[in-house]
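The values are calculated or read from the model by the stated rules, or taken from the named source; none is laboratory data. Keep in mind that this is a model prediction, so the values were computed, not measured. Glycine also receives a Cβ, built like all others from the backbone with ideal geometry; neighbour counts cover every protein chain displayed. Side chains included, ligands, DNA and RNA excluded: accessible areas come from the protein's heavy atoms. Shrake-Rupley method; radii C 1.70, N 1.55, O 1.52, S 1.80 Å.
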Number of protein chains: 2
Amino acid sequence: MRANRGFYDAFEALDIERMRAVWLDAPYVKCIHPGSDVLLGAERVLASWKAIFENTASIAFEIADVRVELAGSSAWVSCEERIRATKDDNAPPSITAATNLFVLDRARWKLVLHHASPIHRRFT
Amino acid sequence: MRANRGFYDAFEALDIERMRAVWLDAPYVKCIHPGSDVLLGAERVLASWKAIFENTASIAFEIADVRVELAGSSAWVSCEERIRATKDDNAPPSITAATNLFVLDRARWKLVLHHASPIHRRFT
């Protein structure tokens, strides 16, 4: 799904204006960073990304197990984020499980919820 | 939202049949337990709840900061789960952030995604 890829592209680019364009500009959008509580509203969510980008020198994502579901004007993506400092970093990646929920807004899919959580173990 | 309350009621009751009734019986439903990866499909998801219930003597939820958004036949809830062994347990609760996504199925809201993650810190 292109909108989901756009989110990770903006994150990799550490580009706050591209990240702003990914999100719906609405007071009800929500973002849950790994280990954190819910941030509510586009303003707070974008401020968090700005803080993250300002404190990140470089980041590279490999996105795996992408599953997209569609119901009317909503779509949600589940995926695994494999995160390294750079694309050719040989260290084991940090792995998170992500839920990204999009709504259709004037014919464009806009992110309204991002929930990412560290994967510490495989559920058997 | 009653369907969201029904999920936590089934969890507190440790009742697998009530939990089964909460979920849509579909191969695309997903569950992310705290610290774990994505479980895909009603069968695997229900098996995980069965394992949890069999290994839990008692559990009590206080659900806070509930926010419900609706878009057509989809609805999603963000909330904070404050979890104790019993309702009158005085120990500090475990706190998780939860995203619960429901779709309308024959006039009933059915859970299609539960994503819960530990809150280790408040994002400032």
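Here the simple spin-label model places points 7 Å from the Cα toward Cβ, and for A:Arg108 and B:Arg82 these points are separated by 4.0 nm. Express the Stokes-Einstein translational diffusion coefficient of chain B in µm² s⁻¹, to the nearest whole number, given a Kirkwood radius over alpha-carbon pairs, 4 °C and a viscosity of 1.567 mPa s. Value of D from the Cα-based Kirkwood radius: 87 µm²/s. Figure legend: label point modelled 7 angstrom from the Cα of B:Ala13 along Cα→Cβ; residues of segment B:54-72 with amide N under 20 Å from it are B:54-63.
In terms of overall dimensions, the protein assembly as shown has a Cα radius of gyration and Dmax of 17.7, 52 angstrom. Shape index of segment A:74-113: Rg/Rh, with Rg the Cα radius of gyration and Rh the Kirkwood radius from the inverse mean 1/r over Cα pairs, equals 1.18.
Among the protein heavy atoms of chain B, carbon and sulfur supply 50% of the accessible surface, probe 1.4 Å, non-protein parts ignored.
The mean number of Cβ atoms from other chains found within 10 Å of a Cβ in peptide A:28-38 is 6, as a whole number.
Loop-located chymotrypsin sites (Phe, Trp or Tyr not before Pro) in segment B:1-106 (DSSP state other than H, G, I, E, B) with a sparse environment of at most 16 neighbouring Cβ atoms within 10 Å: B:Tyr28. Mean sequence separation of contacting Cα pairs (under 8 Å, at least six apart), scaled by the length of chain B, corresponds to a relative contact order of 24 percent.
Compute the FRET efficiency between A:Ala60 and B:Phe53 as 1/(1 + (r/R0)^6), taking r as their Cβ-Cβ distance and R0 = 35 Å, and round to the nearest 0.05.
Numbers: r = 40 Å, r/R0 = 1.14.
For R0 = 35 Å, the calculated efficiency reads 0.30.
Which longest uninterrupted range of chain B lacks any trypsin sites (Lys or Arg not before Pro) assigned by DSSP to a loop state (not H, G, I, E or B) and surrounded by at most 12 other Cβ atoms within 10 Å? Don't jump to the answer; show the numbers that get you there.
Working: sites that count: B:Lys87, B:Arg106, B:Arg122.
Looking at chain B, B:1-86 is the longest stretch - no exposed trypsin sites (Lys or Arg not before Pro) with at most 12 other Cβ atoms within 10 Å.
For segment B:102-119, the residues whose backbone nitrogen is under 19 Å from a point 7 Å from the Cα of B:Leu40, taken along Cα to Cβ, are B:112-116. Between A:Arg5 and B:Val68, the modelled label-to-label distance comes to 3.7 nm, taking each label 7 Å out from Cα in the direction of the beta carbon. Bridgeable lysines around B:Lys110 (alpha carbons under 18 Å apart, same-chain partners fewer than 8 residues away excluded): B:Lys30.
Per residue, the accessible area of chain B comes to 48 Å², computed with a 1.4 Å probe over protein heavy atoms only. The Cα center of segment A:25-102 and the Cα center of segment B:37-76 differ in position by 21 Å. Listed values for segment A:52-64 are Karplus-derived 3J(HN,Hα) couplings in whole Hz (6.51 cos²θ - 1.76 cosθ + 1.60, θ = phi - 60°), namely 5, 5, 5, 10, 10, 6, 6, 8, 9, 10, 10, 9, 10, and x replaces Gly and Pro.
Take every residue in peptide A:63-74, count the Cβ atoms of other chains within 10 Å of its Cβ, and give the average of those counts.
Other-chain Cβ atoms within 10 Å of each residue's Cβ, averaged: 4.
Computed with a 1.4 angstrom probe on protein heavy atoms, the A-B interface buries about 3100 square angstrom of accessible area in total.
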